[in-house]
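Below is one structure, written out as structure tokens; the observations come after it.
Please treat every number below as a calculation from the coordinates, not as lab data. Owing to the predicted nature of the structure, the values given are computational and were not obtained by experimental measurement. Methodologically, a virtual Cβ is constructed for each residue, glycine included, from the backbone with ideal geometry; neighbour enumeration extends over all protein chains shown.
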Amino acid sequence: MVAPICRQNTTGRNVYLPETMKMLRFRAYDDYDEEVLEAGDYYVRAGLNEVLVFIRPGKSLVIAKPGVSAEKTIKTPEIFKNIVF
């Protein structure tokens with residue numbers, strides 16, 4: 001689940017998590033934080049320069065450096081990360 005902040009002057013957003021999830025707060029490819037949140041309602045603070053991504057248990061998120069084609073990513077595994085929860 002991706003939960004971006006879309007409105008100017010907004011400091012966060014309300015999210016409901018039906019189960020425990022890992023929250024990733026992306027600011028750039030190499031700049032992100034991880035936090036595990038239990039099931040429930042949350043107000044998550046985030047800025048316009050951050051993207052919130054939530055990962056369910058047993059799932060993963062593959063990210064690649066910006067501007068890299070899918071073909072190049074498959075042939076060059078060192079340019080992507082696999083974030084697992």
*Contour excess over end-to-end distance, with Cα ends at residue 45 and residue 83 and 0.36 nm allotted per residue*: 11.5 nm
*Set the Förster distance to 22 Å, then compute FRET efficiency between residue 71 and residue 29 from the Cβ-Cβ distance, nearest 0.05.*
0.70
